[in-house]
Every structure is written in C-alpha cells, then in structure tokens.
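The values are calculated or read from the model by the stated rules, or taken from the named source; none is laboratory data. Small disclaimer: the values here were computed from a predicted structure and weren't measured. FYI the Cβ positions are ideal-geometry reconstructions off the backbone, even for glycines, and counts take in every protein chain you see.
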C-alpha cells in the first residue's frame, strides 16, 4: 500500500512536470504578439520592444523555457500583462468561487445522473427509459450558452425565481469574512443566515445549469452499467433466492455499477471545473478562474493563460489520484490485481 | 409421492421461437434426476423457468408444475414461489464480486431469518457452520475472502452451502461441475450426493456430459432441439437407448476419454 502510494505520487509529479512543459510550448503557438497587445494600439515599435525585453520575450526559446521551469517550481506563474498582478495570487483569490460553483454543479450532476440512470435501468426498454433517453439526447445536444440565456430570461426576467446573474451575491449584500472562500460556508460560519441564503440562491442558478449540462454522460454510463449488473449471473443468483427487488438493485445493481461511474465522475469533475464553467462564469458574471481565463484570452495575456491551464492540469492530476483511491476501495479486484 | 412434477412445459421467445416444447418430468424425494442434451437443446432454459429466472424476452408459454403437491406453475403462469434453490455453471460469476463471502452469507441468512421470524443473533456462527457442512476446512479464512480470491470449486461449495441454507425440498443444479478440474468435479458431485442422502431432498441435475449424468443420476431426461426424446433409468438409456439421438449422444461421449 505504502509502496504503491509512493509510486503513485511519483507518477503524479512526472505528470505535473509534463503538463508544465507541454503548456509552455503549446502557448507559444497562440496567435498574436503578447508584447504588441500589452503595449496597446498606438504604441511605437520602440515601446513594444521595451515591453518585450521586460517580459523576457526577446530571449531565445530555451532561455525562456529554463526561466519558466525555475519559476514554475517556485510556484511563480509570472505577472499578468493585463493587470500587472502576480498570476498565482490572482488565480488563488478567484479559485474558491469556481470551486464552490463546480462542487455544487458536480453534486447536482451526480445526483441527477445516478438517479435518472438507475430509473432508466430499472425500467429498461420501457416508456420511462425512452423518455429519459430522449432527455439525455436533448441535454447533450443543446448549447449551454443558449440554454443559459433562455433560463436567465425565464427564471429572472419572467418569473423572478432567481436574482439577476451579477456575481456571487445579489445587490446590497456584503461578502462574508473570508475563511474558506466559499460564500455560503463563510456566511454560515459568521452566523449570517440571510447572507448565506442569498449566496446559496445566487449559487444555485448557475450550478443547476452547469450540473444539468454535465449530467448526460453520467446518465448513460449509470444506465448501461446498472443494466449489465442487473442482468449478471450474481443478480440471477439473488433472484433465485427470492431477495426483494430493492436489495437486488442496491447490492447487486448499484454497488457493481458504481465502478465505471467513478471513472466518469472524474471526467465530469474536470469538465465542470474547467470546460463548462468558462461559459457559465462569463454569462453569470461569476468571478472565478473561468472568467479570468476568458478575459486573459481576449487580451492575449500569455502568462495569465498559462497559469490557468497549469492550474487546470494539476487539478486533473490530483483528481485522478483521488479517484483511483476511491476505485480501489469500491472494487476489491483492483487491489488484488496489484498484488496487495 | 412425487416431489416435483412438470407437465406440458413450453418456453418461447418474444419473437415467436419455441425453445422448449411439451416437456414433462418428475422427481421423487431423495432422487437425482438428470437432464442431458447438447448446447442449445433447451435444458438450461427448462431449469431456469422453474424458478422464474428466464432472461428478458424468454417466457413460459404453457405448462403446469408442482412441488410437494403444491402447484407453482399453472398454465404457464407462476402462482407461487416453489421451495427450491439453484446452483449454477461458473460459480465465481454467480457470486457478487464486490461482497466478501461472509457478507453474502449474512445477507442470505438475514433474508431467511426475516422470512422465518428467527432472530439476527448467531448469524456469523451459522455462516461458519454452513461452510463446514459443505466440507470447507477453514471456514473463517474463506469468509474473509472475495469470490475472485477463491477457486471455482470453493465458490461452488459456497453456492451449495447457500442453496442448502434455504432448506429447499428441491435443488436445481445447472452444469454445476462444468469448467472445474476433474478431481474438484468429483468432490462437488460427491457433495451433492451426500446432501441428497442427508437431507432427503430431490435434485434436478442439468448437464451436457453423459459421463457425469451416469455416475450421479438414477433417471435421466434426454433433450434434443427443445424436445424430450427419452425419460428413463440411466442404465436403460445407456444399455438400450430407444431413441436414435440418444445413441448418437452416447457414441460421442464414449469416444472421449472417460472421466469416470
């Protein structure tokens, strides 16, 4: 266990360094000249040249790469061209907003995905299953920005269920004292129930959309793996003893269906934190790292973009380690195959 | 008095194919009756249909069956659960891969306990005793294992222990020794025979192997393409087969190196 744990951390370190190297060279392929953009439309060539020197962009690629890697190991992701602030600090102050949104969205996606998937599996090839399959096709085919705009129009403008999407709190509320960075948790810690409620309600709207958008792949996996488990030899054994359907669904169905779901949840978590949330954060004026990445991309802010991609890459690697541990707990055969 | 009696049993798929046609057989208490036939002859479907375990898209079209005089299948419809249990081919796949043997036994004992109104106490000791009763010498070690950590023969013993724990009057064994080593095969057959002797239950024994049938059963039903070709004493079937197919089946068995 200890030895495989060490091996795993070793692989993780190699992964993180690999991500850093890859990102350096990929971001060099981005179109546009960062120094030119930073200097502005009316800058003279001399001013651009001066900025280029300031950011070290005039050096040979290998020198730039060496500096980049040294800074990387010192957790220094450089200075944003757009804001002039250290990228690491900027990302870290924005991270809690994204994680708060992402975690709730993931929770909604998992609850929705597992619930609908099991429902479809139990009623397989019947009407309920067909309806759920249809919903899945719609949810995965519809563009999230369109759905989000429609939802904002209906829920905010027409029905007034949610407040305007202008950030993490409605107008007139002050942010709670930062402890965890999660507004809902911080407001609860401060004993301010009203702010906590307002923050949760503001959070719920984008989280629901992001969760809904991420759920189809979970529904599909849960449905197929639950059907496979329910039609397995061991489920047949359970039926031969006359076990109640609930017990068969839980012990034989869900428990064995969980394994592929864990793998899939990793992918969905990455999507919710990195992919889907850039659009959602933009539409909801959510001050997270997705919005930061979007703004950086608009202004060709090389260092900020690099920082964002590195953060996402590292998050993916950490996520995979956690999932692997979860997988070993859920499936005793994995541990045995590794000779534990 | 006959223990199990099956009459006019037909099994059909949803798209109209007939898998078993007009099957009939009876089992006496303490008797092992075999069903033999090649793959696809409908013998496993027959066995599964008695416990309502047919796969999706396959169903009993007509037929009656009763156990200890109580009808459980009337005109193709299940009218009650027969007091029968089953062991299967590929025992390792027949046990839940994510649960330790102990958890699976406790699950069964809890379920049986609820049905009979006995308490939850002493289930662990009962699980141990059950494994011992099927010839497992280190029950504690086996209880702590997952099915994939045990051999096929060991898992089949566990399956027999579970099947016996339910105190059935009929045990259905579907190819219980297929895929096991010859020595393990002999042990499992001996276990089934001794279980029959000590408990007086009847066994319906499904196999494609004439050799195994001959050393286990008193009477045998020969199936071919979903039809019952012959139902008689094993000795008669062996020495004076009345059916051309039975003769063919015997000839093919005798050509193989004997496992007896």
Can you name the condition, by its number, that residue A:294 falls short on among (1) in a loop (DSSP other than H, G, I, E, B); (2) under 17 Å from the mean Cα position of the chain (by Cα); (3) closer than 30 Å to residue A:56 by Cα?
(1)
Inspect all residues belonging to segment A:203-226 and state whether any of them is within 14 Å of chain B (Cβ to nearest Cβ) and in contact (Cβ under 8 Å) with a residue 12 or more places away in the chain.
yes
So for segment B:233-243 (the condition being surrounded by fewer than 23 Cβ atoms within 10 Å (Cβ to Cβ), closer than 10 Å to residue B:36 by Cβ and out of contact with any helix residue (DSSP H, G or I) (no Cβ under 7 Å at 6 or more places or on another chain)), does at least one residue qualify?
no
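With respect to residue A:63, is the statement that it is outside the structural domain of residue A:309 (by TED's automatic domain parsing), modelled with pLDDT of 85 or more and either more than 26 Å from residue A:280 (Cβ to Cβ) or touching a strand residue (DSSP E or B) at 6+ places or on another chain (Cβ under 8 Å) (or both) true?
Judged against the criteria, residue A:63 is a match.
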For residue B:40, which of the numbered conditions (1) surrounded by fewer than 18 Cβ atoms within 10 Å (Cβ to Cβ); (2) within 14 Å of chain A (Cβ to nearest Cβ); (3) under 10 Å from residue B:226 (Cα atoms) fails to hold?
(2)
Residue A:307 vs (1) within 14 Å of chain B (Cβ to nearest Cβ); (2) over 23 Å from residue A:207 (Cβ atoms); (3) buried (at least 17 other Cβ atoms within 10 Å of the Cβ): all pass except (1)
Going by what's in this entry, would residue B:107 be described as free of Cβ contacts under 8 Å to residues at least 24 places away in the same chain, on the phi < 0 side of the Ramachandran plot and crowded, with 19+ Cβ neighbours inside 10 Å?
yes
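Considering each of B:34, B:52 in turn, give the residue that is touching a helix residue (DSSP H, G or I) at 6+ places or on another chain (Cβ under 6 Å), surrounded by 16 or more Cβ atoms within 10 Å (Cβ to Cβ) and closer than 21 Å to residue B:207 by Cα. Lay out the reasoning, then the answer.
Values: B:52 fails: touching a helix residue (DSSP H, G or I) at 6+ places or on another chain (Cβ under 6 Å).
The unique qualifying residue is B:34.
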Among the listed residues B:59, B:68, identify the single one that is under 28 Å from residue B:207 (Cα atoms), touching a strand residue (DSSP E or B) at 6+ places or on another chain (Cβ under 7 Å) and more than 9 Å from chain A (Cβ to nearest Cβ).
B:59
For residue B:132, only one of the following conditions fails: (1) modelled with pLDDT of 90 or more; (2) within 13 Å of chain A (Cβ to nearest Cβ); (3) under 24 Å from the mean Cα position of the chain (by Cα). What is its number?
(2)
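Among the candidates B:93, B:125, single out the residue that is without any contact (Cβ under 8 Å) to a residue 24 or more places away in the chain, closer than 21 Å to residue B:142 by Cβ and within 14 Å of chain A (Cβ to nearest Cβ).
Working: B:125 fails: within 14 Å of chain A (Cβ to nearest Cβ).
Checking each option against the conditions leaves just B:93.
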Please find, among B:107, B:81, B:115, the residue that is at the interface with chain A (Cβ under 9 Å from one of its Cβ atoms), closer than 29 Å to residue B:49 by Cα and part of a loop (DSSP other than H, G, I, E, B).
B:81
Being free of Cβ contacts under 8 Å to residues at least 40 places away in the same chain and closer than 30 Å to residue A:135 by Cα: is that true of residue A:56 here?
no
Looking at A:331, A:233 in this structure, which one is within 13 Å of chain B (Cβ to nearest Cβ), touching a residue at least 12 places away in the same chain (Cβ under 8 Å) and more than 30 Å from residue A:79 (Cβ to Cβ)?
A:331
For residue A:30, all conditions in the list (1) farther than 18 Å from residue A:303 by Cβ; (2) within 25 Å of the chain's Cα centre (by Cα); (3) in contact (Cβ under 8 Å) with a residue 12 or more places away in the chain hold save one; what is the number of the exception?
(1)
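Every residue, every condition in (1) under 17 Å from residue A:286 (Cα atoms); (2) modelled with pLDDT of 90 or more; (3) more than 24 Å from the chain's Cα centre (by Cα), yes or no:
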| site | (1), (2), (3) |
| --- | --- |
| A:171 | yes, no, yes |
| A:216 | no, yes, no |
| A:222 | no, yes, no |
| A:227 | no, yes, yes |
Return the only residue of A:317, A:248, A:262 being part of a helix (DSSP H, G or I), surrounded by fewer than 20 Cβ atoms within 10 Å (Cβ to Cβ), within 14 Å of chain B (Cβ to nearest Cβ) and on the phi < 0 side of the Ramachandran plot.
A:262
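Do we find that residue A:41 is part of a helix (DSSP H, G or I), over 32 Å from the mean Cα position of the chain (by Cα) and free of Cβ contacts under 8 Å to residues at least 12 places away in the same chain in this structure?
Values: part of a helix (DSSP H, G or I): no; over 32 Å from the mean Cα position of the chain (by Cα): yes; free of Cβ contacts under 8 Å to residues at least 12 places away in the same chain: yes.
In short, no.
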When you look at residue A:238, is it over 23 Å from residue A:331 (Cβ atoms) and crowded, with 24+ Cβ neighbours inside 10 Å, yes or no?
no
Among (1) more than 9 Å from every other protein chain (Cβ to nearest Cβ); (2) touching a residue at least 40 places away in the same chain (Cβ under 8 Å); (3) part of a helix (DSSP H, G or I), where does residue B:54 come up short?
(3)
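Quick grid of which residues meet (1) more than 17 Å from the chain's Cα centre (by Cα); (2) within 19 Å of residue A:290 (Cα to Cα); (3) touching a residue at least 40 places away in the same chain (Cβ under 8 Å); (4) not assigned by TED's automatic domain parsing to the domain that holds residue A:305:
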{"site": "A:96", "(1), (2), (3), (4)": "no, yes, yes, no"}
{"site": "A:99", "(1), (2), (3), (4)": "no, yes, yes, no"}
{"site": "A:114", "(1), (2), (3), (4)": "yes, no, yes, no"}
{"site": "A:119", "(1), (2), (3), (4)": "yes, no, no, no"}
{"site": "A:124", "(1), (2), (3), (4)": "yes, no, yes, no"}
Going residue by residue through segment B:58-76, is there one that turns out to be surrounded by 16 or more Cβ atoms within 10 Å (Cβ to Cβ), outside the structural domain of residue B:128 (by TED's automatic domain parsing) and modelled with pLDDT under 90?
yes
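Given the structure, is residue A:230 within 30 Å of residue B:112 (Cβ to Cβ), assigned by TED's automatic domain parsing to the domain that holds residue A:110 and crowded, with 22+ Cβ neighbours inside 10 Å?
Values: within 30 Å of residue B:112 (Cβ to Cβ): yes; assigned by TED's automatic domain parsing to the domain that holds residue A:110: yes; crowded, with 22+ Cβ neighbours inside 10 Å: yes.
So residue A:230 passes the test.
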Residue that is farthest from the chain's Cα centre (by Cα) [pool: residues in segment B:156-187 that are surrounded by 19 or more Cβ atoms within 10 Å (Cβ to Cβ) and closer than 14 Å to residue B:213 by Cβ]
B:185
